[in-house]
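**Q** If you scroll down you'll find the structure; I have some questions about it.
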Amino acid sequence: MSALSETSAQPPARASRAVVVGGGIGGLTAAVALHQRGWHVTVLERAASLAPVGSAISLAPNSLRALDVIGAGDEVRDLAAWQGDGGLRTPGGRWLSRTSAAEAEARFGGPLVLLHRATLVATLTARLPPDAVRTGTPAALADPGAAGRPARVSIPGGELEADLVVAADGIHSATRRTLFPGHPGPVYSGFTTWRIVLPLPGTEFASHETWGRGRIWGSHPLKDGRVYAYAAATAPAGERAADERAELLRRYGDWHRPVPEILAAVRPEDVLRHDVHHLAPPLPAFHRGRVALVGDAAHAMPPSLGQGGNQAIEDAIVLAHHHADLPAYSAARLPRTTAVARKAVRTARLTMTAHPVAVALRDTAITALSAAAPALLLRGFDGIADWRPPQPPYAAVEAGRTR
């Protein structure tokens, strides 16, 4: 056994030890935040490398402010592609609602930005010691620990002990199942998604999401000249096509520009497809013993608000703030993430509506409300994008404020 810690009521004389299970965005952010507070951190990642699958991530002002706490906010803002003007469209190209980057920044005190996940992973990893991340290392929780004993994590060839285990092992988290065996786990959200990142020189367009009947499409330019596109459609769980590019052409090939141009440039191997799952009933807590859950392991939600990664980053920063009081971490994060997850489920039901009458009523209502209140789309992020972390540089601003 490799002893990584001893426990006491006060911080031990030597550096406290944390083991992070999972090297995704939530786990890496937690690792950086704890490292900057003087912890000795070990990140265990099952995959052979930290290179994420080819997709982008949208970061709202709430997560960018969280990244400011670890000194990464401005770097990410500089690296990110600014979404600029955009909005909602119909498959024929008609705009249902328009938004602008200036309106978003004015409303939430910061921009909405888009960048490749690999860029964010590299930015976070660069803030860790070179030996902090162990790839190709599957891990399992052996003992959650308690006030009088450390937590233990099994790895090939032995065990690690820690003052804190951060479970960032994703939607199918084995750690969550160990801590809360009575929880039913993730359920199918009713739709599947496709994601594409590819170069598309010479094609200019405004960022947009297009809502059809039980189908959506999104196209967004990245700063490096590539395009991030995604699609979602209601489908039976587990359904797959022999050629996913051909499937996208069948479903979206006659939609407005630039959808046909994007699909014409796609190779079958460029397309990633995943069914969407979420945690329907919330967990009773985000901690047990010396273990804390972050990200999808704690509160997996549909991507309809683009908040999955944002909430994972929030989790990580708040966990570092409450590292000595995990019940306080649960109390700070459980109500907020439950509310965001439920809103994401409601939004997904609206976007995935397939009945023609319901679709017509939805589109008419969005158009009318957008004409009367141009900031309609942005209002949906009130109480989400305006969140501020409890640590500096925002702690003084948060005094007396309810998160």
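The values are calculated or read from the model by the stated rules, or taken from the named source; none is laboratory data. Model, not experiment: these values are computed from the prediction. No Cβ is skipped: glycine too gets one built from the backbone with ideal geometry, and neighbour counts run over all protein chains shown. These area figures cover heavy atoms from the full protein model, side chains too; ligands, DNA and RNA do not enter into them. Shrake-Rupley method; radii C 1.70, N 1.55, O 1.52, S 1.80 Å.
**Q** Under the condition of being in contact (Cβ under 8 Å) with a residue 60 or more places away in the chain and either open to solvent by 30 Å² or more (accessible area, probe 1.4 Å) or not in a helix (DSSP H, G or I) (or both), which residue from the range 320-335 is farthest from R388 (Cα to Cα)?
**A** Selected residue: A324.
**Q** So, one more: Can you name the residue in the range 203-246 that is in a strand (DSSP E or B), touching a Lys or Arg at 6+ places or on another chain (Cβ under 8 Å) and within 14 Å of G93 (Cα to Cα) and is also most open to solvent (accessible area, probe 1.4 Å) among such residues? Explain how you work it out, then say what you get.
**A** So the first thing to find is which residues in the range 203-246 are in a strand (DSSP E or B), and the list is 207-211, 215-221, 226-234.
Retained after the next criterion (residues that are touching a Lys or Arg at 6+ places or on another chain (Cβ under 8 Å)): 208-211, 215, 228-234.
This time we only want the ones that are within 14 Å of G93 (Cα to Cα), so: 208-211.
On the way: H208: 2, E209: 37, T210: 0, W211: 20 Å².
So, considering only residues that are in a strand (DSSP E or B), touching a Lys or Arg at 6+ places or on another chain (Cβ under 8 Å) and within 14 Å of G93 (Cα to Cα), the one most open to solvent (accessible area, probe 1.4 Å) is E209.
**Q** Would you mind finding the one in L198, L249 that is out of contact with any strand residue (DSSP E or B) (no Cβ under 9 Å at 6 or more places or on another chain), farther than 21 Å from A341 by Cα, hydrophobic (A, V, I, L, M, F, W, C) and not in a loop (DSSP other than H, G, I, E, B)? Break it down stepwise before answering.
**A** On the way: L198 fails: out of contact with any strand residue (DSSP E or B) (no Cβ under 9 Å at 6 or more places or on another chain).
Unique residue meeting the criteria: L249.
**Q** Between residues in the range 112-127 that are without any contact (Cβ under 8 Å) to a residue 12 or more places away in the chain and residues that are hydroxyl-bearing (S, T, Y), which pairs lie under 7 Å by C-beta distance while being six or more apart or on different chains?
**A** Here the result reads none, with nothing in the range 112-127 linked to a residue that is hydroxyl-bearing (S, T, Y).
**Q** May I pose another question? Looking for something within 21 Å of Q311 (Cβ to Cβ), aliphatic (A, V, I, L, M) and touching a residue at least 40 places away in the same chain (Cβ under 8 Å) - is there at least one such residue anywhere in the range 81-102?
**A** No, the conditions are met nowhere in the range 81-102.
**Q** Ok, one more. Conditions first: (1) farther than 19 Å from L305 by Cβ; (2) without any contact (Cβ under 8 Å) to a residue 40 or more places away in the chain. V69 passes all but one, so which condition is the exception?
**A** (2)
**Q** Now for a different question. Which one of the conditions (1) at pLDDT below 95; (2) in contact with a helix residue (DSSP H, G or I) (Cβ under 9 Å, 6 or more places away or on another chain); (3) aliphatic (A, V, I, L, M) does I216 fail to meet, given that it meets all the rest?
**A** Against the list (1) at pLDDT below 95; (2) in contact with a helix residue (DSSP H, G or I) (Cβ under 9 Å, 6 or more places away or on another chain); (3) aliphatic (A, V, I, L, M), I216 comes up short only on (1).
**Q** Go through the range 29-55 and report how many residues are of a type in the set (G, A, S), touching a residue at least 40 places away in the same chain (Cβ under 8 Å) and surrounded by fewer than 23 Cβ atoms within 10 Å (Cβ to Cβ).
**A** 6
**Q** Give the residues of the range 301-319 that are of a type in the set (S, T, N, Q) and open to solvent by 20 Å² or more (accessible area, probe 1.4 Å), sorted by residue number.
**A** Taking the range 301-319 and keeping what is of a type in the set (S, T, N, Q), we get 304, 307, 310-311.
Correct list: S304 only.
**Q** Go through P281, P258 for me and flag whichever is touching a His at 6+ places or on another chain (Cβ under 8 Å), touching a residue at least 24 places away in the same chain (Cβ under 8 Å) and either loosely packed, with under 15 Cβ neighbours inside 10 Å or of a type outside the set (D, E, K, R) (or both). Walk me through how you get there before you give the answer.
**A** Values: P258 fails: touching a His at 6+ places or on another chain (Cβ under 8 Å).
Selected residue: P281, the only one of P281, P258 that is touching a His at 6+ places or on another chain (Cβ under 8 Å), touching a residue at least 24 places away in the same chain (Cβ under 8 Å) and either loosely packed, with under 15 Cβ neighbours inside 10 Å or of a type outside the set (D, E, K, R) (or both).
**Q** Take the residues in the range 269-278 that are part of a strand (DSSP E or B) and open to solvent by 40 Å² or more (accessible area, probe 1.4 Å); name whichever of them is nearest to A328 (Cα to Cα).
**A** Within the range 269-278, the match that is nearest to A328 (Cα to Cα) is H277.
**Q** Condition (residue is in contact with an Asp or Glu (Cβ under 8 Å, 6 or more places away or on another chain), of a type outside the set (A, V, I, L, M) and either touching a residue at least 60 places away in the same chain (Cβ under 8 Å) or open to solvent by 10 Å² or more (accessible area, probe 1.4 Å) (or both)) applied to the range 373-384: is it met by at least one residue? Can you show your working first?
**A** Our first condition is that a residue be in contact with an Asp or Glu (Cβ under 8 Å, 6 or more places away or on another chain); within the range 373-384, this holds for 374-375, 378.
Filter once more, so that each one left must be of a type outside the set (A, V, I, L, M): 374.
Still in the list and also either touching a residue at least 60 places away in the same chain (Cβ under 8 Å) or open to solvent by 10 Å² or more (accessible area, probe 1.4 Å) (or both): 374.
Scanning the range 373-384 turns up at least one residue that is in contact with an Asp or Glu (Cβ under 8 Å, 6 or more places away or on another chain), of a type outside the set (A, V, I, L, M) and either touching a residue at least 60 places away in the same chain (Cβ under 8 Å) or open to solvent by 10 Å² or more (accessible area, probe 1.4 Å) (or both).
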